[in-house]
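This report refers to the structure that appears directly beneath it.
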Amino acid sequence: MTYRLATSLGVLVLGVLSLAHLSGQDHRVQVGVCTPLKGIDAAKAAGFEYLELGTSEIAGLSDADYESAVDRIKALGLPVPVANLFLPATLKVTGPELDQEEQLRYVRKAFARLSRLGTGIVVFGSGGARRVPDGFAKDDALKQLVAFGRRVAPEAQKQNITIAVEPLRRQETNIINSAAEGLELVNAVGHPNFQLMIDFYHLASEREDPAIVLRAREHIRHLHMANPQGRVFPLTWDEYDYGPFFANLRTIGYDKRISIEATAKDFALEAPRAIALMRHAFER
């Protein structure tokens, strides 16, 4: 083998290895945090890779305050790929008194503002907005949720946003309490911009089998995380049985994002530990 050929082969091998390394980096799950605007500096200092802000907070700002927030976020240098708290509790999407025009006005404003921030996923928890009023038929409420999804998914699509419905524990709402129910709603809406997210805290609270991750693999777009024992920052692998959930996520090749949505006694101390634990969970 000539020196020139050997050198060329060496460069080729190094190039392939470099590409493989970069590919692995690209597919590492990012760890972010759910926070109001007042917490974004602390999130950056703690080492989170992105912010998950509240949609209703962003939508509720005056125009001047919104522009200030945009400037502040840009100066901070952390992306906002995800937003939660989609709808205020007063904007009902189930029950006898719905205002579809008001729904669309709010949604269009919220999506336009989030789009400027580069947000691509909006988490649809909003337990108060979707709570079924006493005496109202749950089957009718489910039909209303499907209709709402079909109305707003095209609005999301216009702004390159995907709505990800979040199953919530029964203490927070009385409809769509499991990921299995969330998956049924996603399938009923039948729009590519209406998908599913899973919050481990709610999944554990409802004692749902983590195997739902395998069934829902094609529709999971985002994750939330907390230690179910107190809804606090997850800090150690043995504090709770996290294993089956993350094993299933690794099985399906989940490679998107996971946001910590929890409280901390000492944010500056606990946040880096939670970030490290999440990275470890996906590498086990």
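Matching residues to (1) in contact with a helix residue (DSSP H, G or I) (Cβ under 9 Å, 6 or more places away or on another chain); (2) buried (at least 21 other Cβ atoms within 10 Å of the Cβ); (3) within 27 Å of Leu183 (Cα to Cα):
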{"position": "Arg72", "(1), (2), (3)": "yes, no, no"}
{"position": "Gly77", "(1), (2), (3)": "yes, no, no"}
{"position": "Phe86", "(1), (2), (3)": "yes, yes, yes"}
{"position": "Pro133", "(1), (2), (3)": "yes, no, yes"}
{"position": "Phe136", "(1), (2), (3)": "no, no, yes"}
Among residues of region 32-91 being touching a residue at least 60 places away in the same chain (Cβ under 8 Å) and part of a strand (DSSP E or B), the residue nearest to Gln103 (Cα to Cα) is Asn84
Selection from region 234-261 of residues touching a strand residue (DSSP E or B) at 6+ places or on another chain (Cβ under 6 Å), open to solvent by less than 40 Å² (accessible area, probe 1.4 Å) and assigned to a loop (DSSP other than H, G, I, E, B) yields Pro234
Item to complete: Return a yes/no flag: does region 101-111 have any residue that is in a helix (DSSP H, G or I), of a type in the set (Ser, Thr, Tyr) and closer than 29 Å to Tyr201 by Cα.
Response: yes
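Each row is one residue, and each column tells you yes or no for (1) over 20 Å from Phe194 (Cβ atoms); (2) open to solvent by 20 Å² or more (accessible area, probe 1.4 Å).
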position: Gly47; (1), (2): yes, yes
position: Leu51; (1), (2): yes, no
position: Asp65; (1), (2): yes, yes
position: Ser68; (1), (2): yes, yes
position: Thr94; (1), (2): no, no
position: Gln100; (1), (2): no, yes
position: Ala110; (1), (2): no, no
position: Arg116; (1), (2): yes, yes
Expected single match for more than 18 Å from Phe86 (Cβ to Cβ) and either in contact with a His (Cβ under 8 Å, 6 or more places away or on another chain) or part of a helix (DSSP H, G or I) (or both) among Ala156, Ala180 is Ala180
Would you say Ala137 is over 19 Å from Val186 (Cα atoms) and small (Gly, Ala, Ser)? yes
Going through (1) in contact with an Asp or Glu (Cβ under 6 Å, 6 or more places away or on another chain); (2) over 15 Å from Ala156 (Cα atoms) one by one, Thr94 fails only at (1)
Across (1) within 21 Å of Ile198 (Cα to Cα); (2) open to solvent by 40 Å² or more (accessible area, probe 1.4 Å); (3) of a type outside the set (S, T, N, Q); (4) not in a helix (DSSP H, G or I), Arg150 clears everything bar (4)
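The values are calculated or read from the model by the stated rules, or taken from the named source; none is laboratory data. Just so it is clear, the structure is predicted and the values come from calculations on it, not from any experiment. Positions of Cβ are generated from backbone atoms using ideal geometry, with glycine treated the same way; all protein chains shown enter the neighbour counts. Quick note on the areas: whole protein, heavy atoms, side chains included, nothing else; ligands and nucleic acids left out. Shrake-Rupley method; radii C 1.70, N 1.55, O 1.52, S 1.80 Å.
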